[in-house]
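Asker: Just passing along the structure, written as C-alpha cells.
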Amino acid sequence: MSEERTVGAIAVAVVALVALVLSAGALITAANGTGGSAPALAVAAASSDAPIEVSVELTEFAITPSSIEIAASGSLLVTNGGVAQHDLAVVDTGLATPMLNAGESATLDLSSLEPGTYDILCTVAGHEAGGMKGTLTVVGTGTQPAAADAGDDANGGHGDHGADTDWAALDAAMHDTILEFPAATEGLGNQPLEPTILEDGTKRFELTAEIIDWEVAPGKVVEGWAYNGQIPGPMIQTQPGDKVEVVVTNKLPLGTDVHWHGLIVPNAQDGVSPLTQELIEPGESHTYAFTTEEAAVNMYHPHHHAQMKVPNGMWGVFLVGDLPMPEAGSVIGGKTLPEDMTVDQVVPMVVNDAGTIGMSLNGKSFPATAPIVAKKGDNILLHYYNEGYQIHPMHLHGMPQLVVAKDGYPLDQPYWSDTVNVAPGERFSVLIPAEHAGVWAFHCHILTHAESDEGMYGMVTALIVEE
Ligand SMILES: [Cu+2]
C-alpha cells in the first residue's frame, strides 16, 4: 500500500483539471441522473410588472427582501439562510410556511390572498422583535391567466403548481445550471499548511481567524468566517509522534478558541474556553502544543460560539499519518480488491449546510464545487467530514464506496455502500476504486440539498473517471 500522490498535489491537480473539464459540459449533462422537481423562477405575470414568484431569505434577524411586491396568485420561495429555525407567516391570514431548519426551503402559495398590503414575520418567539418582519403587497391585475388553483395538489411533489407554472423554465433552469459545472470562483480551501520546523523538530503551524468575503457560488459572495482566508481552512498534516504547535491569532470581533475535534490531546489543549483555557481575545494569539500520537482523520473548529462561527465557514481538516487500508487482493462482500492496490489520491470532502456557506462541499456550492478527477483503475481515499447541522447521505453514481473507517478508526469489517450517511461531527473514510469511465454524479441524496427551482445547487459534484 503506498500513497503515490500527496493530498496537496491532488488539490492542485483538481484545480488544474477544472479548466480542462470545462469543455466536458455535454458529458456532465449526460451523466446527471437526478431528476428535476419544483416550482418556478421569477416569471412576470401577464398583466402586471410585479413578479408572480419571489425568493425570500430568512436570516438572523431579517427577512430579505423585507418589502415584497408580488402579483396576485403568486407564491414565495422561502429559504432559511440562517442558523436557527425560522418560518414566514402572513399576519391574520392563516398563511405560513412550515418551521424551516437551516438550509431548508418551502413554497408559500399566496393564491388565496386578495390584493392589498399584509404584514409578514417569523413566528419564533423574539424573532419579530429582532427584525424579522416586513410587508407583502399583493398587486391585483384582474386579468390573471387561469389562476393557480390553490387546492390543486394533483401535480405531486409540491402540490402548488398551477396552470401558470412555466415548466419549460424549470427545465431550462436545471439544464443551464448543470452546464455551468465546474464553475470557476475566487478562493480555494483545504490548501496544505506548511509548518515551520523548530530546533527540536516541533512542527509549528499558524492559523489566523478572520472574517472574509467568500465566493460560495459563481457571483455569490458571502461573509465567510475563515482560517487563513480559506473555507475549509488550510489542511494540517502531521505524522504519528510529531510534536506540534499551532499558533492561533484572533482577528475576529469576538473571542475564540480552537477545538481539535477527535484528536486525543492533553485537557489543557482541548480548546474549550473557559474550561481548559482563557478565551483568545480579539487581537491576541494563543499557542496550542501537543503530540499527535496516532494516525487520525480529524477536524478543527472553534468551540466558543461555534453556533455562530462554524456554519459560516470556520472549520478545517487535520490529518495524522496514513489510514491503514484493507489488504490488497482481499475479498470483501464478494468483491475482490486489486492485487496491486494503491491509494492514488486522498480527497477531503467537508460537508456543510447552514449559515452563510449553506449547502456545500468544501465551502463551495454547485456548480462551483470541484470535480474529483481520476484515471480508470485508480483508487481514491475520500474522507467525509460533517461540519453542518444535518445528516447527509452522500451518494456516488457508477461505483460503490468501501467504507474503511469511522471517525478515523479503521473498521475490522469494511463494507460496501453506494450511499454513506454522514451525521454532524462524524467522519467516514471510503475507498473508491474508479472502475468505470465517465462523468458520475456525486451528491447528497436529500434532494433539496442538491436541487431547487433555480436548478442544481449545493451538495453536488462529479467523479470524472478518464479512460
Ligand atoms: Cu444533505
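Coordinate-derived values only; no laboratory data. Quantities reported herein were computed from a predicted structural model and do not represent experimental measurements. Neighbour counts run over all protein chains shown; Cβ positions are idealised from the backbone, glycine included.
Asker: At what distance in nm do the modelled label points of Ala168 and Glu467 sit from each other, each positioned 7 Å from its Cα along Cα→Cβ?
Answerer: If labels sit at Ala168 and Glu467, their model points lie 3.8 nm apart.
Asker: Using the Kirkwood formula over every pair of different C-alpha atoms, what hydrodynamic radius in Å results for the stretch 229-383?
Answerer: The answer is 17.6 Å.
Asker: Using the Karplus curve 6.51 cos²θ - 1.76 cosθ + 1.60 with θ = phi - 60°, work out ³J(HN,Hα) for each residue of the stretch 57-68 in order, rounded to whole Hz, and write x for Gly and Pro.
Answerer: So the J values, rounded to whole Hz, are 10, 9, 9, 8, 10, 8, 10, 10, x, 8, 10, 10.
Asker: Students often check this: by mean Cβ neighbours within 10 Å, which of 411-421, 295-305, 168-178 ranks highest, and how do the rest follow?
Answerer: Sorting 411-421, 295-305, 168-178 by mean packing, highest first, produces 295-305, 168-178, 411-421.
Asker: When the helix-only estimate is applied to the chain (DSSP H runs of n ≥ 4, each -39,500 (n - 2.57), divided by the residue count), what is the mean residue ellipticity at 222 nm, nearest 500 deg cm²/dmol?
Answerer: Details: 5 runs with 43 residues, N = 467.
Taken over the chain, the calculation gives -2500 deg cm²/dmol.
Asker: Report, to the nearest 10°, how far helix 167-179 tilts away from the longest principal axis of the Cα atoms in the chain, using its own Cα long axis and a range of 0 to 90°.
Answerer: Here the helix axis deviates by roughly 20 degrees.
Asker: Once you list every other residue whose beta carbon is under 10 Å from the beta carbon of Thr93, what net charge do they have if Lys and Arg are +1 and Asp and Glu are -1?
Answerer: Spelling it out: positives minus negatives among the neighbours equals -3.
Asker: Quickly work out the Glu60-to-Asp176 label distance, labels modelled 7 Å from Cα along the C-beta direction, and quote it in nm with one decimal.
Answerer: Label at Asp176, label at Glu60, 3.5 nm between them.
Asker: Amide H neighbours of Thr369 under 5 Å, counting only residues 5+ apart in sequence or on other chains, H built in-plane at 1.01 Å?
Answerer: Placed amide hydrogens put Ala183 under 5 Å from Thr369.
Asker: Less than 11 Å Cβ to Cβ from Glu387, Lys/Arg counted +1 and Asp/Glu -1: what total charge do the surrounding residues give?
Answerer: 0
Asker: Charges on Cβ only, +1 for Lys and Arg, -1 for Asp and Glu, centred on the Cα centroid of the chain; of Ala125, Thr448, Ile464, which one is farthest towards the dipole's positive end?
Answerer: Looking along the dipole axis, the top candidate is Ile464.
Asker: Have a look at the DSSP beta bridges in the stretch 178-320 and tell me what percent are antiparallel, nearest 5.
Answerer: Counting DSSP beta bridges with both partners in the stretch 178-320, the antiparallel share is about 70 percent.
Asker: Okay, next question. For the chain, report the % of Cα-Cα distances exceeding 36 Å.
Answerer: Of all Cα-Cα distances in the chain, 34 percent exceed 36 Å.
Asker: Right, next: Please figure out what share of the DSSP beta bridges in the chain is antiparallel and state it in percent, rounded to the nearest 5.
Answerer: 70
Asker: Here is a further query. Let's test the formula: R0 of 41 Å, r as the Cβ-Cβ distance of Glu223 and Asp418. What FRET efficiency results, to the nearest 0.05?
Answerer: Using R0 = 41 Å, I get an efficiency of 0.70.
Asker: Quote the FRET efficiency, to the nearest 0.05, computed for Leu275 versus Leu198 with a Förster distance R0 of 41 Å and r equal to the Cβ-Cβ distance.
Answerer: E between Leu275 and Leu198, to the nearest 0.05, is 0.90.
Asker: Please give me the summed charge of the neighbours of Trp214: other residues whose Cβ is under 11 Å from its Cβ, Lys and Arg +1, Asp and Glu -1.
Answerer: Every neighbour counted, the sum reads -2.
Asker: Would you work out which of Val91, Pro218, Asn267 lies farthest towards the positive end of the dipole of the chain, given +1 charges on the beta-carbon of Lys and Arg and -1 on that of Asp and Glu, about the Cα centre?
Answerer: With unit charges placed on the Cβ atoms, the residue in question is Asn267.
Asker: Where does helix 7-21 land angle-wise versus the long Cα axis of the chain, in degrees 0 to 90, nearest 10?
Answerer: So the inclination is approximately 40 degrees.
Asker: Going down the list Lys203/Lys406; Lys220/Lys251; Lys220/Lys406, which pairs span over 29 Å between their C-alpha atoms?
Answerer: Lys220/Lys406
Asker: Can you give the extra length, in nm with one decimal, that the chain gains between Ala184 and Asn101 once fully stretched, where that is 0.36 nm per residue apart less the Cα-Cα distance?
Answerer: 26.9 nm
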